[in-house]
Amino acid sequence: MTILESKNGYSRTIPLTPGAFALLHDMRGEAESEDVRSERVFPLTANALRMAWERMLAKTDIEDLHFHDLRHEAISRFFEMGLTVPEVASISGHRDMKMLMRYAHADTTRLAKKLEAAE
């Protein structure tokens with residue numbers, strides 16, 4: 001997927017899994033068949049997204065979870081999968097490695113196993 005202009009003003013190409021690509025492709029087809037034309041992948045207003053998020057939180061009794069926390073979690077999981085710093089940065093769009101590393105938190109259980117295996 002190519003983002004022509006991101007929040008930081010730069011374009012970038014983000015690799016997608018085959019499943020994610022198929023989902024987005026199917027969504028595009030549905031929008032065209034319903035004659036809904038939009039430059040957005042998800043034609044929602046910021047307010048609609050916020051309200052949907054709040055409804056989800058209310059249904060699940062989850063406290064202190066913010067939408068941006070999902071980004072934090074995804075970046076941590078990419079590192080746990082073994083992706084390198086440049087690979088994660090290409091997905092997340094971080095140009096500053098110091099900022100990217102603020103998102104990365106090692107799974108201490110996996111880290112302990114790696115250290116144990118190194119002995």
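The values are calculated or read from the model by the stated rules, or taken from the named source; none is laboratory data. Note that the structure is predicted; figures quoted are calculated from it, not measured. All Cβ positions, even for glycine, are placed from backbone atoms using ideal geometry, and neighbour counts span all protein chains on display. For the accessible areas, the whole protein counts, side chains as well, though only heavy atoms, and no ligand, DNA or RNA atoms are used. Shrake-Rupley method; radii C 1.70, N 1.55, O 1.52, S 1.80 Å.
Contact map, the range 8-34: residues that are modelled with pLDDT of 80 or more paired with residues that are of a type in the set (Asp, Glu), Cβ distance under 8 Å, separation 6+ or inter-chain. Pairs shown: SER11/GLU5.
Within the range 74-112, restricting attention to residues that are of a type in the set (Gly, Ala, Ser) and assigned to a loop (DSSP other than H, G, I, E, B), the residue that is most open to solvent (accessible area, probe 1.4 Å) is ALA106.
Given the criteria modelled with pLDDT of 90 or more, within 22 Å of TYR103 (Cβ to Cβ), open to solvent by less than 60 Å² (accessible area, probe 1.4 Å) and over 17 Å from the mean Cα position of the chain (by Cα), does LEU65 qualify? In short, no. Evaluation of ASN47 against the conditions (1) at pLDDT 85 or above; (2) open to solvent by 90 Å² or more (accessible area, probe 1.4 Å); (3) part of a helix (DSSP H, G or I); (4) not aromatic (Phe, Trp, Tyr) shows that the sole unmet condition is (2).
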